[in-house]
Structure formats: structure tokens, C-alpha cells
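Participant: Okay, here's the structure, questions in a sec.
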Amino acid sequence: MATFQQSEVCIRRGIQMATAYDVPADKLIKKLAEELKKVDTISPPEWAPFVKTGRHKEKSPVNNDWWHVRSAAVLRKIYVDGPLGTTRLAAEYGGRADRGSKPNKAVRGSRSISRHTVQQLEKSQLVQKQKDGGRVVTAKARKLIDGLSTQILKDMAAQNPELTKYL
């Protein structure tokens, strides 16, 4: 609801901003991860190269900068689904655990990764605690995500002229 009101206000001023709802998630997460690499307070912990991302995984992530990609994905998820807590985030990044001959079972992802990611986003002032529980994005994060979304939409419109009506 708040996103609709903000974009309506921007249209009245003659400036239309795209939001995270308007662009593909994979493109936004990639650009957001590049921006988060520049932030000093977001860095992988010393145990990050050795950890699995959940009980349902057999190996650790192959991508070297997976921490920044996960941080970007968490920031986008809080933006879209907000307010979210660490337990809910762990459930979002969970999967089906192979239990041998027993039927597979849905399990949560690593709460430690979710907790450390959210704490780092909080130190960067991109996320803040809500008094009722969970975290929500700050105005700084909303500005960052909306700016990147607008840039992505402009790049997509350059490749596909039919998208220019959304600019």
C-alpha cells in the first residue's frame, strides 16, 4: 500500500520511480549485491567459506561472493514482504531434507546466516527493528532499491522499446 502511494506522488511531480515490484528479482539482486560489496559493514564472517546454508544442503555455496548475494536477496525480501524476522527468513531459505528411506521433510535454512545478515544490514542502516517484531527497510534502503530498479528498467527499456511506456 505504501509503495503505491509513493509512486503516485512521484508521478505527480513528473518523476516516476520503479520499485522492486517492477523489475525481475534476479537482475535486482545482482545489482544490489554489487552495491552492498562497497559497504564496509557488510562482509562475510570468517566461517562463511566452510558453512552449508541449511540442513537440506549437502555442500557449501560454490559462488565466492555468496554472502553479498544472500544479503541483497534478504534486503529485497524484507522490502517486498516486510516486516520479517530471522526465523521467517530461515524458513524462506529452507528446503526439503533427504532423510534416507523416510519421506522428505521441509526444514528451515540456517538461522545463523539469516541472523548475521540481518545484523549487518542493521549496522549499515538499511534495515531497522520494528517494535512489534521483525525488521523493515529504512528510507535509505528504499532509496537504494528504487534507484537501482529504475536503472534496471531503463536498461531493459533500451533493449525492448515496448517497456518505455513504464518510464
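Participant: What number of residues in the stretch 134-167 are within 16 Å of K77 (Cβ to Cβ) and free of Cβ contacts under 8 Å to residues at least 60 places away in the same chain?
Facilitator: Result for the stretch 134-167: 4.
Participant: Still on this structure, please answer the following. Just the residues that are assigned to a helix (DSSP H, G or I), touching a residue at least 40 places away in the same chain (Cβ under 8 Å) and within 20 Å of W47 (Cβ to Cβ), please, taken from the stretch 73-107.
Facilitator: Selection gives A73, V74.
Participant: Starting from the stretch 20-41, take each residue that is surrounded by fewer than 17 Cβ atoms within 10 Å (Cβ to Cβ) and list its partners that are in a helix (DSSP H, G or I), counting only C-beta distances under 6 angstrom and pairs at least six apart or across chains.
Facilitator: K27/I152; K37/H68; T41/Q120; T41/K123
Participant: Of the residues in the stretch 44-70, how many are touching a Lys or Arg at 6+ places or on another chain (Cβ under 9 Å) and of a type in the set (G, A, S)?
Facilitator: Residues in the stretch 44-70 being touching a Lys or Arg at 6+ places or on another chain (Cβ under 9 Å) and of a type in the set (G, A, S): 2 in total.
Participant: Something else now. Given the structure, is Q120 of a type outside the set (A, V, I, L, M, F, W, C) and under 16 Å from the mean Cα position of the chain (by Cα)?
Facilitator: So Q120 passes the test.
Participant: Sort out which residues of the stretch 110-128 are among the aliphatic types (A, V, I, L, M) and under 18 Å from L144 (Cα atoms), and write them in order of number.
Facilitator: Kept after step one, since they are among the aliphatic types (A, V, I, L, M), are these residues of the stretch 110-128: 113, 118, 121, 126-127.
V118, L121, L126, V127 - these are the residues of the stretch 110-128 that are among the aliphatic types (A, V, I, L, M) and under 18 Å from L144 (Cα atoms).
A short reminder: the numbers here are calculations on the coordinates, not readings from a lab. Please read all numbers here as calculations on a predicted model, not as lab measurements. Neighbour counts run over all protein chains shown; Cβ positions are idealised from the backbone, glycine included.
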